[in-house]
Amino acid sequence: MNTATLTSGYESPLREAQKEETRKRILDAAAALIETVSPAGLSFAAIAKQAGVQERTVYRHFPTKDLLLEALWAWMDPRIGIKSFPQSEEELVAFPARVFPAFDDNEQLMRAFWSSPQGREFRLGMNEKRKAAICKSVSAATEEMDPREAAWLTAAVQLLYSGAAWMTMKDYWGFSGDEAGKASSFVIGLLMKAARERAAETRGAGKRRKTTGERP
């Protein structure tokens, strides 16, 4: 048996733990640097210095800046409380009030996430899953609405659920993350109520047409 082959193909738990710790240090360093520079100005040399590793080590974990930034955005989600997309209307309504305050604690990262091309690409890459979760969360309120109106409402809810809503209310209204979160949650709740009222109107109109023979 070739012990050299076995040894070279074996990754010890300790080595794996060291690799993961190094990866975390690199991401921590990148996050710290984004507090002072834009994603475009982020260099691997600066990240390596901040993390206390060789520049080639950064490249070994993240061969390109795009891969590094994609990992950084994914790393950021649990840090700001985004563990998963909402799976119910209750979770959807509660989301902004729960998460927007953490956006303030990571403001530069959030702004980089929303202003950089890499952040946009990451958001677009997750958009179908996000849309599906939001559609599922609002489905009980919108199922009897006109499909086009339901799509309008769902798109507006997604906007209120997003970091764009936090940033707009912060920049143009001077809201804190806490207040912006409460505002978004409040309005999403109102939209869910309005959706049910609209569906009831639609049902009522349908019944009247059946009774009177009116055309839609």
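Quick check: residue separation of Trp75 and Glu55 times 0.36 nm, minus the Cα distance between them. What number comes out in nm?
Details: separation 20, 0.36 × 20 = 7.20 nm, distance 2.05 nm.
Full extension of this stretch gives 5.1 nm more.
Loop sites here are GluC sites (Glu not before Pro) outside DSSP states H, G, I, E and B with no more than 12 other Cβ atoms within 10 Å. The longest part of the chain free of them is 36-142. Each label point was placed 7 Å from the Cα along the Cα-to-Cβ direction; for Ser84 and Asp171 their separation is 3.3 nm.
Note on the chain: with a GNM built from Cα contacts shorter than 10 Å, the maximum mean-square fluctuation among Ser137, Ser162, Ser184 falls on Ser162. Here Glu143 and Lys19 are evaluated by their C-beta separation; at R0 = 30 Å the FRET efficiency comes out at 0.05.
Look at (i) 7, 30, 29, 19, 11, 3, 0; (ii) 8, 35, 39, 17, 2; (iii) 8, 26, 25, 18, 12, 7, 3, 1, 0: the one that is P(r) over Cα pairs in 10 Å bins from 0, in percent derived from this structure is (iii).
Computing FRET efficiency as 1/(1 + (r/R0)^6) for Arg98 and Ser12, where r is the C-beta to C-beta distance and R0 is 35 Å, gives about 0.30. Which entries in the list Lys19/Lys129; Lys136/Lys193; Lys24/Lys65 go over 19 Å, if you measure between the two C-alpha atoms of each? As for pairs spanning more than 19 Å Cα to Cα, those are Lys19/Lys129.
Compared with the dominant principal axis of the Cα atoms in the chain, helix 89-105 is inclined by about 40°.
When Trp73, Trp166 are ordered from fewest to most other Cβ atoms inside 10 Å of their Cβ, what list results? Present the calculation step by step, with values, prior to reporting the outcome.
Values: Trp73 21, Trp166 28.
Final ranking by Cβ density, sparse to dense: Trp73, Trp166.
Using alpha carbons only, how many angstrom separate the centre of region 118-143 from the centre of region 81-104? A separation of 13 Å, based on Cα centres.
No lab work stands behind these numbers, since they all come straight from the coordinates. This structure is a prediction, so every number in the text was calculated from the model and none was measured. All Cβ positions, glycine included, derive from the backbone under ideal geometry; neighbour counts span all protein chains shown.
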